[in-house]
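Beneath this line is the structure, given in structure tokens, with notes to follow.
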């Protein structure tokens, strides 16, 4: 396909989804420990207590990454594993040493570590103090970022502050289908602002302590919207521009403030916050899975893991008169439509609106019901999904987008949040009873793709 020299091929994971060892070596509970242990919150009553046991099998997993030929590995640090109560107190040395060994192991194998500071797992003590709706949480996050920068900043060249802050704010505090499970629209909007603030404070903190050539980023799950113009505008404001505006220097959009005026007066935004939120970044991470189709009409309740509504509250606050419509075509096990054209269209939009800002696809993948056949894991639909989305990335490149890399989600099957272990996104199969890792056909295909610098490849 002719990807440029230096294009980064990677894979991604998140700490709570794969590490396990929930109570080992000084780690304290996060909001996801509490949430997953609360009856009725997670499908089948699953928790992340063991997950894929990456904490115990990290060497084996790093060897698999090397065999895949990855240029980079995007992982997240468990805040409560390194600073158990979330504050700037004594570092949990055993937790920090785990990530130090992980980073050294990656570098020894020629794989660049990409460290995400926050992938949804707020220390429970900070949630007990108010969580992201409280401004102090942003300050605590900046302290945590600085500590991680001092610990690992000599070896990590690419830092990501937050993963998908929209999910943290609106699934966690508006619809309540993610941890901490609150349903308060005003709190969700305050959380969104304090996540923006945390991002800016963290970038400032990191720049003061990490290697001079380090790059700084944030990862957003931007919604690629189609449908009625007014519905698109409303959702775009609260799903996309609520983060793009502050983080990229244009502030909160006026229409967002107007749409949400009945919910909050935005008094939590203080003088000087705009400048902090807009701390310059070197690359914007984009997570993409499907487009979204909307029209004016009553919003549906948030769908649950079993297909039934589990929350009467919509995560799209201020959009109560917007309907989210089903889409024709193939769907994944998550019920998400398969449509790669939304990826290059989203990348092109970002390129037009932010010329000169490098982009990176930091998550892209699909959950399917894989077939285990005599030791071989067949996942032709995932191979096709990845193939089509890599082709979409190439279309964006050909159209002039400054796209720097592609990270498959996920390296391995894992704890899929409120779906527990019922949904598999990995290119490496995990037997949750034994921990055995088995390469799926998609892993073989991805290895061949990387070896051929993005050229089309057979699955085995």
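The values are calculated or read from the model by the stated rules, or taken from the named source; none is laboratory data. Predicted model only: the values in this text are computed from it and were never measured. Every residue, glycine as well, gets a Cβ built from its backbone with ideal geometry; the counts of neighbours run over all protein chains shown.
Run down 249, 208 and say which single residue is in contact with a helix residue (DSSP H, G or I) (Cβ under 9 Å, 6 or more places away or on another chain), surrounded by fewer than 19 Cβ atoms within 10 Å (Cβ to Cβ) and either free of Cβ contacts under 8 Å to residues at least 60 places away in the same chain or more than 22 Å from residue 159 (Cβ to Cβ) (or both).
Numbers: 208 fails: either free of Cβ contacts under 8 Å to residues at least 60 places away in the same chain or more than 22 Å from residue 159 (Cβ to Cβ) (or both).
From the options 249, 208, the qualifying one is 249.
Determine whether residue 333 is within 25 Å of residue 256 (Cβ to Cβ), in contact (Cβ under 8 Å) with a residue 40 or more places away in the chain and surrounded by 14 or more Cβ atoms within 10 Å (Cβ to Cβ).
On the way: within 25 Å of residue 256 (Cβ to Cβ): no; in contact (Cβ under 8 Å) with a residue 40 or more places away in the chain: yes; surrounded by 14 or more Cβ atoms within 10 Å (Cβ to Cβ): yes.
No, not satisfied.
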- Message: Being more than 16 Å from the chain's Cα centre (by Cα), buried (at least 18 other Cβ atoms within 10 Å of the Cβ) and not in a helix (DSSP H, G or I) is the filter here; which residues of segment 114-146 pass it?
- Response: 123, 131, 132, 133, 134
- Sole miss for residue 405 among (1) closer than 30 Å to residue 21 by Cα; (2) out of contact with any helix residue (DSSP H, G or I) (no Cβ under 8 Å at 6 or more places or on another chain); (3) buried (at least 19 other Cβ atoms within 10 Å of the Cβ) is condition (1)
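On the given criteria, is residue 420 within 21 Å of the chain's Cα centre (by Cα) and surrounded by fewer than 23 Cβ atoms within 10 Å (Cβ to Cβ)? Before the answer, list the steps.
Numbers: within 21 Å of the chain's Cα centre (by Cα): yes; surrounded by fewer than 23 Cβ atoms within 10 Å (Cβ to Cβ): yes.
Spelling it out, residue 420 is indeed within 21 Å of the chain's Cα centre (by Cα) and surrounded by fewer than 23 Cβ atoms within 10 Å (Cβ to Cβ).
Which is closer than 30 Å to residue 397 by Cβ, surrounded by fewer than 24 Cβ atoms within 10 Å (Cβ to Cβ) and modelled with pLDDT of 95 or more, of 74, 57, 93, 109? If you could, list the steps in order and put the result at the bottom.
Working: 74 fails: surrounded by fewer than 24 Cβ atoms within 10 Å (Cβ to Cβ); 57 fails: closer than 30 Å to residue 397 by Cβ; 93 fails: closer than 30 Å to residue 397 by Cβ.
From the options 74, 57, 93, 109, the qualifying one is 109.
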- Message: Can you find a residue that is on the phi > 0 side of the Ramachandran plot, assigned to a loop (DSSP other than H, G, I, E, B), surrounded by 17 or more Cβ atoms within 10 Å (Cβ to Cβ) and modelled with pLDDT of 85 or more anywhere in segment 309-320?
- Response: yes
- Task: Determine the pairs where a residue that is closer than 10 Å to residue 68 by Cα, located within segment 432-448, has a partner that is at pLDDT below 95 and in a loop (DSSP other than H, G, I, E, B) with Cβ atoms under 6 Å apart, the partner being 6 or more residues away or on another chain.
- Result: 444/459; 444/460; 445/457; 445/459; 448/457
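Given 422, 442, 418, which one is part of a helix (DSSP H, G or I) and within 30 Å of residue 180 (Cβ to Cβ)?
Values: 422 fails: part of a helix (DSSP H, G or I); 442 fails: within 30 Å of residue 180 (Cβ to Cβ).
So the residue among 422, 442, 418 that is part of a helix (DSSP H, G or I) and within 30 Å of residue 180 (Cβ to Cβ) is 418.
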- Message: Can you confirm whether residue 382 is out of contact with any strand residue (DSSP E or B) (no Cβ under 6 Å at 6 or more places or on another chain), surrounded by fewer than 17 Cβ atoms within 10 Å (Cβ to Cβ), in contact (Cβ under 8 Å) with a residue 60 or more places away in the chain and closer than 21 Å to residue 422 by Cα?
- Response: no
- Residue identified as touching a strand residue (DSSP E or B) at 6+ places or on another chain (Cβ under 7 Å), modelled with pLDDT under 95 and closer than 30 Å to residue 380 by Cβ among 303, 291, 298: 303
- Message: Quick test of your reading of the structure: residue 228 fulfils all but one of (1) more than 20 Å from residue 185 (Cα to Cα); (2) buried (at least 19 other Cβ atoms within 10 Å of the Cβ). Name the failing condition by number.
- Response: (2)
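Just one of 222, 195, 189 is in a loop (DSSP other than H, G, I, E, B) and either in contact (Cβ under 8 Å) with a residue 60 or more places away in the chain or under 22 Å from residue 122 (Cα atoms) (or both); which is it? Steps first, please.
Working: 195 fails: in a loop (DSSP other than H, G, I, E, B); 189 fails: in a loop (DSSP other than H, G, I, E, B).
Selected residue: 222, the only one of 222, 195, 189 that is in a loop (DSSP other than H, G, I, E, B) and either in contact (Cβ under 8 Å) with a residue 60 or more places away in the chain or under 22 Å from residue 122 (Cα atoms) (or both).
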- So residue 408, is it touching a residue at least 60 places away in the same chain (Cβ under 8 Å) and either part of a helix (DSSP H, G or I) or farther than 21 Å from residue 375 by Cβ (or both): yes
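Which ones in segment 355-375 are more than 21 Å from the chain's Cα centre (by Cα), touching a residue at least 12 places away in the same chain (Cβ under 8 Å) and not in a strand (DSSP E or B)?
So in segment 355-375, the residues more than 21 Å from the chain's Cα centre (by Cα) come out as 355-356, 369-375.
Filter once more, keeping what is touching a residue at least 12 places away in the same chain (Cβ under 8 Å): 356, 369-370, 372, 375.
Matches in segment 355-375: 356, 369, 370, 375.
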- Query: What about residue 67, is it surrounded by fewer than 20 Cβ atoms within 10 Å (Cβ to Cβ), at negative phi and touching a residue at least 12 places away in the same chain (Cβ under 8 Å)?
  - Reply: yes
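Filter segment 257-283 down to the residues that are under 30 Å from residue 335 (Cβ atoms) and crowded, with 21+ Cβ neighbours inside 10 Å and list them by number.
Narrowing segment 257-283 to residues under 30 Å from residue 335 (Cβ atoms): 259-260, 263.
The answer is 260, and nothing else.
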- Qualifying positions in segment 76-113 - within 21 Å of the chain's Cα centre (by Cα) and outside any loop (DSSP other than H, G, I, E, B): 76, 79, 80, 81, 82, 99, 102, 103, 106, 112, 113
